[in-house]
Amino acid sequence: MIGNVRRHAIRWFVIALIGASLVSFPATVAAKGTEVIRTGSCTGASDWKLKAKPDNGRLEVEFEVDQNVNNKTWNVKLKHNGNVFWQGQRTTQAPSGSFSVTRRTANAAGTDTIVGRAVNPATGEVCKGSLSI
């Protein structure tokens, strides 16, 4: 009788252990795969794409503008929760007539808001995208 109780207790322990590991596993996988992507149109013929994902306690941000025209210069700013964390110029490149900027920024507690903005000074065209992660 004691042998049956012991086997029964061990069986329930193993089932509980397997069940607990199955419940926690999907949460771990989902947290690692969190990437937010937003796309949109600019004020002219260009399109933009903004991506952000967690990367070793920081956020990796990528902002891309596709103009389909090579050698056009753009003024670009990236903001994190309203503060500029990168600004500079980028020039569209062959073969696609696009540029991209990839930078890392702090991952603040709570929701982070990322804004990418690019202005073509020759035409006045503006590309602006935002996301929350």
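Any read-out appearing in this document is the output of simple, stated calculations on the displayed coordinates, not a laboratory observation. None of these values were measured; they are calculated from a predicted model. Neighbour counts run over all protein chains shown; Cβ positions are idealised from the backbone, glycine included.
Amide H of Glu125: which non-local residues (sequence gap of 5 or more, or other chain) have their own amide H closer than 5 Å, using H built in the peptide plane?
Asn120
Using 1/(1 + (r/R0)^6) with R0 = 22 angstrom and r between the beta carbons of Val69 and Ser130, what's the FRET efficiency to the nearest 0.05?
Between Val69 and Ser130 the formula returns 0.35.
Please list, in chain and number order, the residues 5+ apart from Cys42 or on another chain whose amide H is under 5 Å from its amide H, with Hs placed from the backbone.
Sorted by chain and number, the residues that satisfy this are Asp47, Trp48.
What residues have an amide H closer than 5 Å to that of Lys72, excluding those fewer than 5 places away on the same chain, when H is modeled at 1.01 Å from N in the peptide plane?
Residues meeting the criterion, in which the H sits 1.01 Å from N, are Thr92.
Tell me the relative contact order for the range 36-132 as a rounded percent, counting alpha carbon contacts under 8 Å between residues six or more apart.
Worked out over the range 36-132, it gives 32 percent.
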